[in-house]
């Protein structure tokens, strides 16, 4: 996404309209020039890349567009690494210790680098030359980090990502958002709700699979004053929403007037005909490393129980509950698994309230022993679900042990 200083929009009354680039020849030419610079700078320090970008930018009036496109290329398609024989901080210590033993001079510097190069060659069991030490001394500075990999996008992909980032930036200042998703494929709902959960967005959901859902999300300014941290989470949801076939949203924004510095209300609307393109994958995803680890361990387990990622939505008043996994046995038995890991007290209260309202007889709750349920005001004994406790990692065998034997 783009930083606030590279976001551009205009106002039509209270409606905010973000800057979007056309897929025309002039803009594709700019994108091509930028991509070419990044390709030519592979293996070069970031300072050289920045020099060439500054040269391209010059004093042209579209400098903010060029900076925005370059920012996306840096943050989304480039890999910068610290190239040094040792960690730069340790390398500096070693060089300074040797340098302190001699009188400073050009010859002494060369001898110091040669001496340390010989030592490091023996220690690391590979050749280290003085120039590598000299280059690595301050390799941890951003301008000295090396562009080691560049995943070249097409000009269309770059412009699509820029347009999406401009729209995402609108949500940095969102105080409230109402999202309507209309009669879509159930799999699209599941993907959207999983992203809501992944980004820890506090939402109120009404509706059902047959008629669609209305999702209300409180935004950054309503919860945390002027902080944009929560607004970033809302912005990250947009690429997931683009995978839903039919939807519309309206967001209320808190803007600060450039001249009076007074806060004012802004509005932003968007729907499924917006033409934005998502870069999020449609395939399976995990809400946490804990879930991914559990699925990986299950794959190595010899059991008749099959672990499924796609599960049904459990309707509850004002929301839906999406368990993490389904366990299916060849004899037809089926259990839903919800992993409750490391969350805030308010989330725990909401989660266990959902479990009680769902009243699902075949639900298994896997609960971390690290959670302070008492502080959150949660009583597991009041929860109508099978329960399994875990410490750092959830083991598949522990889950299977709580399943009742077939009667």
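Taking the C-alpha atoms only, the angle from helix 63-77 to the longest principal axis of the chain is near 70 degrees. Annotation: the antiparallel percentage among DSSP beta bridges lying fully within the chain is about 80. Sorted ascending by nearby beta carbons within 10 Å, beginning with the fewest, 161, 93 become 93, 161.
Mean separation of Cα pairs under 8 Å and 6+ residues apart, divided by the residue count of segment 289-401: what relative contact order is that in percent?
Details: 170 pairs, mean separation 27.2, N = 113.
Normalised by residue count, the contact order of segment 289-401 is 24 percent.
The relative contact order of segment 345-396, computed from alpha carbon pairs under 8 Å that lie at least 6 residues apart in sequence, is 47 percent.
At a threshold of 8 angstrom on Cα-Cα distance, excluding pairs fewer than six apart, so keeping six or more, what relative contact order does segment 88-139 reach in percent?
Relative contact order comes out at 44 percent.
Its DSSP H runs of at least 4 residues, each contributing -39,500 (n - 2.57), put the calculated 222 nm mean residue ellipticity of the chain at -12500 deg cm²/dmol, to the nearest 500. Estimated at 0.36 nm per residue, the fully extended path between residue 176 and residue 279 surpasses their Cα-Cα distance by 34.6 nm.
Each 10 Å bin, from zero up to the one with the longest distance, holds this percent of the alpha carbon pairs of segment 289-401: 13, 47, 33, 6, 0. With Cα atoms as the point set, the chain shows a radius of gyration and Dmax of 27.1, 87 Å. Annotation: the residues 171, 213, sorted from fewest to most other C-beta atoms within 10 Å of their own C-beta, follow the order 213, 171.
Where a number appears in this text, it was derived from the coordinates with a stated rule and is not lab data. Please read these numbers as outputs of a predicted model, since none were measured by experiment. Counting neighbours? That spans all protein chains shown, and the Cβs are built from the backbone with ideal geometry, glycine included.
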